[in-house]
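Heads up, the thing below is written out as structure tokens.
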Amino acid sequence: MTDRRPLLFFDSGVGGLSVLDAVRALRPAAPIVYVADSGGFPYGTRGEAEIAARVPALLGRFAERYRPRLVVIACNTASTIALAAVRAALDLPIVGTVPAIKPAALLSRTRAIGVLGTEATVRQPYVDRLAAEFAADCTVVRHGSAWLVELAEAALRGHPGDPAEYRAILAGLLDRPSGDAIDTVVLACTHFPLVADQLAAASPRPIAFVDGAAGIARRVASLLGQEDRTTEPGEGTAVFTSDINVDALRPALAARGLSRIERL
């Protein structure tokens with residue numbers, strides 16, 4: 001019998017839709033609950049203690065309410081801070097999202113990698129460990145941008161932003177020491193792949209932009225096994241934790257099969 005329990009995706013905003021897109025490509029029939037913690041948005045400017053307390057508590061509530069088959073924490077900041085606590089609290093498969101430093105290191109020819117994320121993510125010891133394990137022979141340059149999160153949120157609402165804003169954000173990374181050697185940039189926030197085209201257009205030179213969505217999708221597909229091979233789109237619900245106006249988001253949500261909107 002096909003397991004019709006939903007897959008639960010969790011992010012502070014709409015960035016996790018970039019991960020959902022990759023999972024949908026492999027498992028289009030899976031029912032989806034996408035939770036945007038709009039009441040806590042943005043995570044990238046919040047303190048570690050607040051995120052460490054908030055994320056496991058919220059996911060405990062949502063797991064009880066929606067009874068998911070598995071949970072995808074589609075947020076680098078939440079994963080680098082709270083992934084272990086969520087796994088300890090929930091008796092469910094939990095798939096996290098961490099900066100794609102390993103594939104970036106495999107790709108880089110100059111052995112100089114940029115990590116573009118939120119302020120909270122780029123300062124995490126978790127990122128230090130990833131760099132030491134998978135990019136020990138690379139120079140890893142980090143830059144945090146809260147504004148790029150806002151630009152991505154606006155882009156999904158139909159406002160692509162000024163190219164000069166993207167150039168300025170990239171300059172914050174590329175103008176750092178050793179930044180002139182960077183040939184590969186890790187998009188270490190799930191919001192950022194939503195504006196990857198804008199970043200590429202704003203880049204002063206050819207740069208490869210890398211994110212972890214494809215790897216997360218393969219992991220989810222592995223956990224789901226060989227069932228649910230139909231190409232018929234599964235039902236989907238988008239859940240927001242505050243009473244924000246989501247009218248401008250409805251087309252983007254509907255395009256991903258998230259036709260129902262709930263607020264908790």
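The values are calculated or read from the model by the stated rules, or taken from the named source; none is laboratory data. What you see is a predicted model; the values in this text were computed from it and never measured. Here Cβ is always computed from backbone atoms with ideal geometry, including for glycine, and neighbour counts include all displayed protein chains. The protein model used for the area step is the full one, side chains on, heavy atoms only, and it has no ligands, DNA or RNA in it. Shrake-Rupley method; radii C 1.70, N 1.55, O 1.52, S 1.80 Å.
Some points to look at:
- Taking Cβ atoms as reference points and 14 Å as the exclusive limit, the residues near GLY60 contribute a net charge of +2, counting Lys and Arg as +1 and Asp and Glu as -1.
- Cα extents for the chain along the principal axes, largest to smallest and rounded to whole angstrom: 53, 38, 38.
- For peptides 111-123, 249-261, sequence by mean Cβ density within 10 Å, most packed first: 111-123, 249-261
- Amide H contacts under 5 Å for LEU7: ILE32, VAL33, ARG69, restricted to partners 5 or more places along the chain or on a different chain, H placed in the peptide plane at 1.01 Å from N.
- Length-normalised contact order for the chain - Cα pairs under 8 Å, 6+ apart - percent: 27
- Measuring between their Cα centroids, segment 18-59 and segment 87-122 lie 15 Å from each other.
- Against the main long axis of the alpha-carbon atoms of the chain, helix 213-224 sits at an angle near 30°.
- Cα gyration tensor category, rounded, prolate or oblate, for segment 1-121 with a/c compared to 1.5: oblate
- Charged neighbours of ASP243, selected by a Cβ distance under 15 Å, balance to -2 (K, R count +1; D, E count -1).
- Dividing the mean sequence gap of close Cα pairs (under 8 Å, 6+ apart) by how many residues segment 161-264 holds gives a relative contact order of 22 percent.
- Carbon/sulfur fraction of accessible area - segment 49-164, other protein chains in place, 1.4 Å, %: 55
- Computed from Cα positions, the angle between helix 146-156 and the longest principal axis of the chain comes to roughly 50 degrees.
- Per residue value of the accessible surface for the chain (all protein chains in place, 1.4 Å probe), Å²: 42
- Helix 76-89 axis, angle to the chain major axis (alpha carbon atoms, nearest 10°): 40
- For segment 154-249, applying the loop criterion from DSSP together with a ceiling of 13 other beta carbons within 10 Å to the GluC sites (Glu not before Pro) yields GLU227.
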